[in-house]
Amino acid sequence: EARPLVEEGLRGSREILGDRHPDTMASINIMASLLMKMGELQEARPLLEEGLRGRRETLGDRHSDTLSSINNMATLLTEMGELKEARPLYEEGLRVKRETLGDRHPSTLISINNMANLLMDMGELQEA
C-alpha cells in the first residue's frame, strides 16, 4: 500500500520542486528505501545513483545528506553482492565522518561498523 503513495509523492516533488531540490532528493531516497525493503534492488539502484549524484552536485561531498546517500548506495551494493563496488563508498563515508565529526561520534561509529562488516564479508579478516 505504501508504494503508490511514495510514487505519488516523488512524482509531485519532481513536478513542483524540480529534480535537484533537497525535498525531491529526500523523496528519491524514500522510494529507493521502499524498493530495497521490497527486494527490488535493481529498481532501487538508479534512484540511489540519481540521489547521490544530485546531493553531491547541490550539497557537496561532506554534507550529512550526501553522506547518508553514500551509505545507502554502499548498502545496496553490498546487498547485491557487489562488495568491491561498495568498498570505496564505505571508505569515503568513514573518512569524511572522521574528518568532520571525529572518531567517537555515533555516526562515525556506525560507519566503522559498516566498514568492518564489509571487510569481513570480503574475507579480509585481518583488516576488519
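So Asn72 clears everything in (1) over 15 Å from the mean Cα position of the chain (by Cα); (2) within 21 Å of Met36 (Cα to Cα) except one condition, right? Which one?
Against the list (1) over 15 Å from the mean Cα position of the chain (by Cα); (2) within 21 Å of Met36 (Cα to Cα), Asn72 comes up short only on (1).
Residue-by-condition table, conditions (1) part of a helix (DSSP H, G or I); (2) over 12 Å from the mean Cα position of the chain (by Cα); (3) of a type in the set (Phe, Trp, Tyr); (4) at pLDDT 95 or above:
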| position | (1), (2), (3), (4) |
| --- | --- |
| Gly39 | no, yes, no, yes |
| Glu43 | yes, yes, no, yes |
| Leu48 | yes, no, no, yes |
| Leu52 | yes, no, no, yes |
| Glu57 | yes, yes, no, yes |
| Leu67 | yes, no, no, yes |
| Leu77 | yes, no, no, yes |
| Gly81 | no, yes, no, yes |
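If you take the residues of the range 30-41 that are touching a residue at least 12 places away in the same chain (Cβ under 8 Å) and under 11 Å from Leu76 (Cβ atoms), which of them is surrounded by the most Cβ atoms within 10 Å (Cβ to Cβ)?
Here the answer is Ala32.
Which of the residues that make up the range 6-29 are touching a residue at least 40 places away in the same chain (Cβ under 8 Å) and either open to solvent by 40 Å² or more (accessible area, probe 1.4 Å) or of a type outside the set (S, T, N, Q) (or both)?
Listed by number, the residues that qualify are Pro22, Met25.
Which numbered condition trips up Asp103, out of (1) open to solvent by 50 Å² or more (accessible area, probe 1.4 Å); (2) within 20 Å of Ala26 (Cβ to Cβ)?
Going through the list (1) open to solvent by 50 Å² or more (accessible area, probe 1.4 Å); (2) within 20 Å of Ala26 (Cβ to Cβ), Asp103 breaks only (2).
Working carefully through the options Arg62, Arg95, find the one that is loosely packed, with under 15 Cβ neighbours inside 10 Å, among the charged types (D, E, K, R), without any contact (Cβ under 8 Å) to a residue 40 or more places away in the chain and part of a helix (DSSP H, G or I).
Only one candidate passes the filter, namely Arg95.
Among Thr108, Thr78, which is closer than 30 Å to Glu127 by Cβ, open to solvent by less than 30 Å² (accessible area, probe 1.4 Å), out of contact with any strand residue (DSSP E or B) (no Cβ under 7 Å at 6 or more places or on another chain) and without any contact (Cβ under 8 Å) to a residue 60 or more places away in the chain?
Numbers: Thr78 fails: open to solvent by less than 30 Å² (accessible area, probe 1.4 Å).
Going through Thr108, Thr78 in turn, the sole match is Thr108.
The values are calculated or read from the model by the stated rules, or taken from the named source; none is laboratory data. All figures in this text were calculated on a predicted structure; none of them were measured in a lab. Backbone-built Cβ (ideal geometry, glycine too); neighbour counts: all protein chains shown. Note: areas computed on protein heavy atoms with side chains; ligands, DNA, RNA excluded. Shrake-Rupley method; radii C 1.70, N 1.55, O 1.52, S 1.80 Å.
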